[in-house]
Each structure stands twice: as structure tokens, then as C-alpha cells.
1. Among the residues of the stretch 26-47 satisfying the criterion of being of a type in the set (A, V, I, L, M) and surrounded by fewer than 20 Cβ atoms within 10 Å (Cβ to Cβ), which is farthest from ALA168 (Cα to Cα)?
2. Looking only at the stretch 177-193, which residues are under 21 Å from HIS307 (Cα atoms) and in contact with a Pro (Cβ under 8 Å, 6 or more places away or on another chain)?
3. Being part of a loop (DSSP other than H, G, I, E, B) and at negative phi is the filter; apply it to the stretch 32-58 and report the residue that is nearest to the chain's Cα centre (by Cα).
4. Among the residues of the stretch 356-370, which ones are of a type in the set (S, T, N, Q), under 17 Å from the mean Cα position of the chain (by Cα) and in a helix (DSSP H, G or I)?
5. From LEU384, LEU409, LEU336, grab the single residue that is on the phi < 0 side of the Ramachandran plot, among the aliphatic types (A, V, I, L, M) and touching a Phe, Trp or Tyr at 6+ places or on another chain (Cβ under 7 Å).
6. Search the stretch 25-70 for residues being of a type in the set (Asp, Glu) and at pLDDT 95 or above, and hand back the single one that is farthest from ALA141 (Cα to Cα).
7. Would you check which residues across the stretch 235-252 are closer than 15 Å to VAL221 by Cα and either in a helix (DSSP H, G or I) or modelled with pLDDT of 90 or more (or both) and list them?
8. Which of (1) part of a helix (DSSP H, G or I); (2) in contact (Cβ under 8 Å) with a residue 24 or more places away in the chain is the odd one out, the single condition GLY383 does not satisfy?
Amino acid sequence: MPSIDLNRLVEPDRVHRSVYTDPDIFALEMEHIFERVWVYCGHESQVPKVGDYFTMQIGRQPMVMVRDQDGTVRVLFNRCPHRGVELCGNQRGNTGRGFVCPYHAWSFHLDGRIRAIPLMKGYEGTRWSAENPDCSMRRAARVDSYRGFVFASLVADGPGLLEFLGDARVAFDDMCDRSPLGEVEAVPVCHRVIQHSNWKFFMENQLDALHPSVTHQSTGVPARRVEQRVKAEQGKAPLFFHYLSAFATSFDQWDSVQTVNFPNGHGVLKAYMGLRPTDPDTLEYEALMKQAYGEDKAEAYLSRSIHHVLVYPYLSVQSPLQQLRCMRPVAPNRTLSEIWHFRLKGAPEPIYRRSLWYFNLVNSPATMINADDLENWTRGQWGLEGSKAGDWVSFHRNYGGDTERRGVLYSNNGTSEVVMRNQFRAWKQYMSDALNAGAPA
């Protein structure tokens, strides 16, 4: 294990560039963060029937989420214990009553237990027998779910899921509470994007309220002009114009919002996007919500001030529009982004269409919004890989100007870099387990 002094890498107002570029640090992150914390696997609606499965990565480990015979959602290592072959080669599908290895036909029950080994007599007199637990697929040490969202941890110790999520569970509450039935279901289409940058760029960017007025002006300003012209000609403009024109918001407006930064690196960017017009579709939806929850509770659900919620270190949730993005780090300069959206059960079809518009206009690989961010993160990665221009990444903005209460950091300016400082406070705490005694966290 390399000797790394965290105190020399992470200072209160800046971090060393190597935390984005060093392969040894990345390996420690995989072992001591991503392969220990509760990691998002998927939604229960992605595996509705017995034998349905969905594959994903937890740290460096290929995993599979599957619906067992008794209805339980299992999370298993996607690996045959015989010779290591991945049992499920597709992203999703149905494996029937069990898994069968495509290499030597070892078969397993849906809970991972060994079912049959061909020509078992060939193993007589060896340690390899059906009674040996090493012959079964290995399970994730812990699996739990919150409001239908499934998480797994690869270690048996540590805080439970609710303790890990803390106040960031509002991401899932806000999404589900907007359904008259209190539930959502995943839409099968998932955008998958490779980002040529370290995973931290994405996580820092999501609550960075300063960059939209710079990075996204080339999209936001033209969209606003078209929106205004359509309004002038037709009296109103479709709501989806607002998704793009909102990116033309001024510096001062973004500085007036607030970020709330929780322990474990989680956080919330407030400022709801104002998606409550008085058209018939919205009124029908709000009537269903009031019928389901009563006037006061429905209003509380519909008026939550949330733009983004981060579950550190891998998840960004835009709950008012049922969007979720999950990071799967691949290398120091390579990250897979999985982008999902969800349908509110019991809500009118036009309300779902709103989330679909946002999914395609803002979060898809084809949109200019996503492209602008991807370019910045790639150029940021390239800049930090250079060794002659300086070693430090600055997080000085509004340093010392935020408010802390009971471990929660509140920005007094929306563009404060307290978001990044809070994330690295969590990063440093997680990574401390990886260090030798000479480098205390």
C-alpha cells in the first residue's frame, strides 16, 4: 500500500491535483470508499419478475441485482466461482430459475447457492464440493432498499443504509412523494456516457451554482430568446423551453440560492425550477395529489425547494423531475455515468412527459448542456495531469463565510465552494482507513 499523507493532499481551502490523477489514490478510493459504502444498484421496478436481473459495477466489482423466487431482491457478485467468468453478459434480462455459467455450465440458484456442477465425480478427493461455500456465487455483504431504491455494501460492518443516507434521503422522499401513490418506477431507457475525467469533477459540478451562468450561456441565452419570441407570437411557450432558458440565470440570482451540506459529503442545492404552471394538466395532477394526501401535505410535497440532491460519492438526484445520475468510476481519468428517469405512479401522462423532456434536453448525451459540462471536466482533467503549472486546486470561494450547525454546513452565498470543501472533508475521513499510522486524517 502506498504511503499517502492526507493532510498534505487535502487542506481546508484547497486540494492537491494528484487526488484527481494518481492511480494509487484511485485504487485506494475503490477499496476504501466505493467498495465499503452503500452503493446504489438500481430500482426494484427494474427487476419486477422472478429471474429478472440488472448488472452494474460496485467499485471494481461486477455485480448483478436479481429477483429471487421468494420476491427478495438479491445483489450478487457477477462471477462464477469456478474460473471467474461473468455469469450475466448483458446489462439486463431474465435468467429463468437460476444462473448458468456459459463456460462450463456450473449452475446456481437465484440466491447464488450452487445448484449443480457437471461431472461432479471429477472433483472427488478435492476441496471442491457442493458443501463448500466457495462453490456458490458470493453475495454482497449487505443489501437494503429505501422507497424502492436498492443499495448494497460489500462489507459487513459500518453504518446502516438510513444512517449513511442521513438527510440526503430527501432525494428519494421528494421523488416518491410527488406520486399520488407514493411510488415511482424506472423507465427502461438509460443513457450511459463515458466521461474522460475523474469522478470528482461530476460530483463537485452538480451543486456548483457559479458555473451555469458561464458554461451554459451558449444554450441558455438563445433558448430564452426563442422562448420570448414564441410567447410574443403565441401568448405562451411550451414548458420545455424553460428547461434550457433557466440556464441563462444571472450570477446574482444563483448567488442568492443556498446549498445545504451534510455529513458524509451529501448535499442539496435549493431553488426549485418553478414547474407549477396553471395549465389543465398541472391542475389535474395537483387535484390527484390533494385527493391522495390532503391539501396541506400535497402543498408541502409540491413546493419543496430542491434542484439537486447529492448522495456522495456517486449519485445526483433531481427529484422534482424524477432524474437520477449514478457514477461508476473506471479509472482516474475515466468514469461511466448512468442516467435514469422515473415515472410517477398514478400521475397523468403529461407529467411524465415533462420528465422525459428534461431527460432528453438536459441530461442526455445529445444535449448541449451535457456536452458543455463534459468538455469542462475533460479539459480540467487534462490541466491537472500537467505537472509544471501548479499543484493545487482552489476551493477558496467564500471560505470562512458559511454557517455550520450540528455538523451541517449552510452556504450564505449560493456560489460558495463549501460544496467541494464538504465533499473533501468526507473524502478525507473515508480515506483515513487506508493510511498508515504515520498519516492521521
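The values are calculated or read from the model by the stated rules, or taken from the named source; none is laboratory data. Bear in mind the structure is a predicted one, so any value in this text is a computation, not a measurement. Because the Cβ atoms are built from the backbone with ideal geometry, glycine has one as well, and the counts that use them run over all protein chains shown.
1. Looking at residues that are of a type in the set (A, V, I, L, M) and surrounded by fewer than 20 Cβ atoms within 10 Å (Cβ to Cβ), I get ALA27.
2. Those that are under 21 Å from HIS307 (Cα atoms) and in contact with a Pro (Cβ under 8 Å, 6 or more places away or on another chain): ARG178, HIS191.
3. Step one: of the stretch 32-58, the residues part of a loop (DSSP other than H, G, I, E, B) are 35-38, 47-51.
Still in the running and at negative phi: 35-38, 47-50.
On the way: GLU35: 15, ARG36: 16, VAL37: 13, TRP38: 11, VAL47: 19, PRO48: 22, LYS49: 25, VAL50: 26 Å.
Here the answer is TRP38.
4. Narrowing the stretch 356-370 to residues of a type in the set (S, T, N, Q): 360, 363-364, 367, 370.
Those still in the list that are under 17 Å from the mean Cα position of the chain (by Cα) too: 363-364, 370.
Result: ASN370, single match.
5. Working: LEU409 fails: touching a Phe, Trp or Tyr at 6+ places or on another chain (Cβ under 7 Å); LEU336 fails: touching a Phe, Trp or Tyr at 6+ places or on another chain (Cβ under 7 Å).
Within the list LEU384, LEU409, LEU336, the selection yields LEU384.
6. ASP52
7. To start, the set of residues in the stretch 235-252 that are closer than 15 Å to VAL221 by Cα comprises 240-251.
Across the stretch 235-252, the qualifying residues are PHE240, PHE241, HIS242, TYR243, LEU244, SER245, ALA246, PHE247, ALA248, PHE251.
8. (2)
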